[in-house]
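**Student:** Okay, here's the structure, questions in a sec.
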Amino acid sequence: MTATRRFNAPPAARYVHPHAVTEVEGEHDRALDIADEASPNYLTWIADLCRPALGARVLEVGAGFGAITMRYSEGRDVLATDISDECLAALHRRFDASPNVRVARLDIREPDPTERFDSALMVNVLEHIEDDAGALASLRRVVRPGGTIVLYVPALNGLYGVWDRKVGHFRRYSKWRVRGVAREAGLEVQELRYANILAIPAWFVFSRSKVETTIGQGLSLWDRTGVPLGRAIESRVPMPIGLNLLAVLRNPA
């Protein structure tokens, strides 16, 4: 698949927030670095949500600095990928001594079809891709029939704010938008649920503040207080809404 291919996607797949920007790689990498240090409980929660849907051989797209990778990779064969030089350097430092984790540069639009995986994982990645349906259709080529593509994405486009623009989000997601993108990519929705409901009020304030001065301190406080409480509640009660969405998509072909 080439970068110039066009997809006849439904409105759900084509939607791009009118204020989205694209030249933000440095800001995104900085955000990853801060999150790695300030939110260990939240990163563990994300990994634990995704882990049950992951098979033995996993392709992680947009692995960043590897903070999620290190939390689910034990007992699996993982290919952790990114396109950022800074992220790739961090991944090599973290995993070059790990026998079960390989690191490589990967453009999701042109995956290597000679290698197949049981699962592909994208944590806070799909929202950075303008043609999200096309990216999933391309990724599907390297996931075995019956395998899964696991997504963790920001939810509720009404919460789109300064921080989303700063780190290059083209959109936030609703359940109907994820279903539309999955359908266009030829994938079946196996699981779709909201997560992180207690973070919505804090995010509404934070994402419209001077984020440069509040992100580290705010994340650390939320990680110590809100994350354990939210995780305890959501382990018992399904959420009707949330700051994020977890999607498990099955490749039927």
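**Student:** Kindly establish whether Val153 is crowded, with 17+ Cβ neighbours inside 10 Å and closer than 30 Å to Val205 by Cα.
**Tutor:** Considered against the rule, which asks whether it is crowded, with 17+ Cβ neighbours inside 10 Å and closer than 30 Å to Val205 by Cα, Val153 comes out as yes.
Residue-wise test of (1) farther than 30 Å from Ser235 by Cβ; (2) of a type in the set (Lys, Arg).
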residue: Ala53; (1), (2): no, no
residue: Ile68; (1), (2): no, no
residue: Ser84; (1), (2): yes, no
residue: Pro99; (1), (2): yes, no
residue: Arg105; (1), (2): yes, yes
residue: Glu115; (1), (2): yes, no
residue: Ser119; (1), (2): no, no
residue: Leu126; (1), (2): no, no
residue: Arg140; (1), (2): yes, yes
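**Student:** Just a yes or no: is a residue in segment 102-114 crowded, with 21+ Cβ neighbours inside 10 Å, in contact (Cβ under 8 Å) with a residue 12 or more places away in the chain and over 27 Å from Pro252 (Cα atoms)?
**Tutor:** Yes, because at least one residue in segment 102-114 is crowded, with 21+ Cβ neighbours inside 10 Å, in contact (Cβ under 8 Å) with a residue 12 or more places away in the chain and over 27 Å from Pro252 (Cα atoms).
**Student:** So, one more: Out of the residues in segment 32-91 meeting the condition of being among the polar types (S, T, N, Q) and more than 15 Å from the chain's Cα centre (by Cα), tell me which one is farthest from Gly230 (Cα to Cα).
**Tutor:** My answer is Ser84.
**Student:** For segment 138-159, state whether one or more residues are within 14 Å of Tyr15 (Cβ to Cβ) and of a type in the set (D, E, K, R).
**Tutor:** no
**Student:** Here's another thing I want to ask about it. Are any of the residues in segment 162-181 within 25 Å of Ser84 (Cα to Cα) and of a type in the set (Gly, Ala, Ser)?
**Tutor:** So far as segment 162-181 goes, yes, one or more of its residues are within 25 Å of Ser84 (Cα to Cα) and of a type in the set (Gly, Ala, Ser).
**Student:** Does Ala90 satisfy the criteria of being at pLDDT 55 or above, assigned to a loop (DSSP other than H, G, I, E, B), buried (at least 19 other Cβ atoms within 10 Å of the Cβ) and not β-branched (Val, Ile, Thr)?
**Tutor:** No: the conditions fail for Ala90.
**Student:** Among Arg93, Arg76, Arg51, Arg57, which is the only one that is touching a helix residue (DSSP H, G or I) at 6+ places or on another chain (Cβ under 8 Å) and among the basic types (Lys, Arg)?
**Tutor:** Exactly one of Arg93, Arg76, Arg51, Arg57 is touching a helix residue (DSSP H, G or I) at 6+ places or on another chain (Cβ under 8 Å) and among the basic types (Lys, Arg), namely Arg51.
The values are calculated or read from the model by the stated rules, or taken from the named source; none is laboratory data. Just so we're clear, the structure is a prediction, and the values are computed from it rather than from any experiment. When we count neighbours, we look across all protein chains shown, and the Cβ atoms used for this are built from the backbone with ideal geometry, even at glycine.
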